[in-house]
């Protein structure tokens, strides 16, 4: 029997008196005791015995019409939008970071609206999304996420035109170190103790403020508070880190309950934007510190101090928790590290 073939459904009866529809579809035999598979409400065996044959005959007709109208398949084909939703669900089911997933949800939502409205997703529409952004960094970020969705749809045979937009060259943001760290830390301390401790740990331990520091629990510290032990799941490089705590930080720490966050003093940390909000408010009260100075400036300043004292890029890499020396070399370009001193200059 060739493909796309169907034997007309027959009404059959079992020895126990139950009726079913029997047929072959594309060389595969089927027995249906109800219309559930085709979305029918017919359940012949729920009727009195005398009516079951008649109801099953009706079901046989419905099954035949359904299969023929659905291109000889018992599975009703998905609409274009249903197919789109199914593919996007598969993509979002992958192990993704929260921020990455949120971005994909946002971009896929824009594409879905266009699909419902126009019936297709064109390359010109894909191009229009990142082209709204004048900032090259924002443009590249949005372009990248749009392409992730479009390429995934295309790999699943969904009809979508692919964008050919090129990346834009981004201006490198060079972080200048803080000229007087001690003075700025004093001003931060007067404003907010938690922000002060965050900046202090960013400078003295070179931890990243918004993730590594914000999520610190007292159990991450050694018993004598001399070290911080961070598992790979808490570090950007995904590698376990043991970070020494300088004495000037250790002496102001008051250890709390092991399972408590050191800032919120509860099991749950403050939200991701907690320190960003505090810093913005602090800068509004202290506009003279400069618009380019951020909490990360303390980390850059600490990095510069380490490099000046040791002259070792390897030690700097370990202190910063970078995955490779190349990352550290890139990092140093904006730290205004002097490559020459007076003794290196030509003599007369």
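The values are calculated or read from the model by the stated rules, or taken from the named source; none is laboratory data. Keep in mind that this is a model prediction, so the values were computed, not measured. Every residue, glycine among them, receives a Cβ derived from its backbone with ideal geometry; neighbour counts consider all protein chains shown.
One table, with the values for the structure above:
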| read-out | value |
| --- | --- |
| Selected residue (only one of 98, 27 is under 30 Å from residue 154 (Cα atoms) and either outside the structural domain of residue 147 (by TED's automatic domain parsing) or at pLDDT below 90 (or both)) | 98 |
| Qualifying residue in the stretch 180-202 (condition: farther than 16 Å from residue 278 by Cβ and modelled with pLDDT under 90) | no |
| Within the stretch 9-30, tally of residues that are surrounded by 11 or more Cβ atoms within 10 Å (Cβ to Cβ) and either touching a strand residue (DSSP E or B) at 6+ places or on another chain (Cβ under 8 Å) or closer than 20 Å to residue 72 by Cβ (or both) | 15 |
| Qualifying positions in the stretch 108-121 - surrounded by 13 or more Cβ atoms within 10 Å (Cβ to Cβ) and under 18 Å from residue 79 (Cα atoms) | 108, 111, 112, 114, 115, 121 |
| Among the candidates 269, 177, 209, 258, residue that is surrounded by 15 or more Cβ atoms within 10 Å (Cβ to Cβ) and either more than 21 Å from residue 297 (Cα to Cα) or modelled with pLDDT of 95 or more (or both) | 269 |
| Filter result for residue 279 (in the same structural domain as residue 302 (by TED's automatic domain parsing), out of contact with any strand residue (DSSP E or B) (no Cβ under 9 Å at 6 or more places or on another chain) and either modelled with pLDDT under 95 or surrounded by 16 or more Cβ atoms within 10 Å (Cβ to Cβ) (or both)) | yes |
| Residue ID - modelled with the highest pLDDT, chosen from residues in the stretch 240-249 that are outside any strand (DSSP E or B) and touching a strand residue (DSSP E or B) at 6+ places or on another chain (Cβ under 9 Å) | 245 |
